[in-house]
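Remarks on the structure that follows.
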Amino acid sequence: MKTPSRLSTVLHGLLHMAGQVEPMTSDTLAQCLHTHPVVVRRTMGSLRQAGIVQSLRGHGGGWSLVRPLSAISLRDVYAALQETVVVKVDIGAPHAQCLVERAVTRVLADVYREAEAMLVARMGDISLQALLLDIGEGAPFIAGGLPPHPHPLP
């Protein structure tokens with residue numbers, strides 16, 4: 001089975017946060033995302049620095065969105081996570097002795113950089129609101145909050 005990317009996992013969490021009235025604790029988000037609360041806090045810290053989420057301490061505290069979903073793009077989240085490679089292809093290390101391999105590696109590296117730039121630009125066109133609306137059967141919970149998480153929370 002394919003492991004979800006860090007970006008897709010964080011987007012999952014942000015959309016669940018959007019459906020909550022109260023802030024979500026790191027423990028609750030960790031259960032939702034099948035990870036450890038420390039991982040959630042570290043990741044959310046990057047999103048806080050980018051002005052996407054805020055944290056409140058104490059009773060009733062947790063993580064909440066700072067901006068509306070329509071004002072957060074996939075690229076905003078991608079950049080906050082400091083992801084560096086969208087297109088992950090091993091093109092190998094060029095051998096200094098082989099001019100053919102050096103040329104192939106150089107050209108492919110340029111193509112992959114261009115592809116990544118196009119993907120990142122496209123992510124800037126997609127808001128979290130658009131992602132939420134694309135859920136399909138989600139119409140009932142756009143107005144009334146997200147449904148219970150399909151993964152049972154203890």
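For Arg122 and Ser46, the difference between the fully extended length at 0.36 nm per residue and the C-alpha to C-alpha distance is 25.2 nm. Label sites at Arg67 and Ile135, each approximated as a point 7 angstrom past Cα along Cα to Cβ, lie 2.1 nm apart.
Computed extension gain for Gln20 through Val39, at 0.36 nm per residue and net of the alpha carbon distance, reaches 4.8 nm. Count charges around Thr43 for me, please; just the other residues with Cβ under 12 Å from its Cβ, Lys/Arg as +1, Asp/Glu as -1. The answer is +3.
Every number here is computed from the coordinates shown, using simple stated rules; none is lab data. Please read these numbers as outputs of a predicted model, since none were measured by experiment. Cβ: placed from backbone, ideal geometry, glycine included. Neighbour counts: every protein chain shown.
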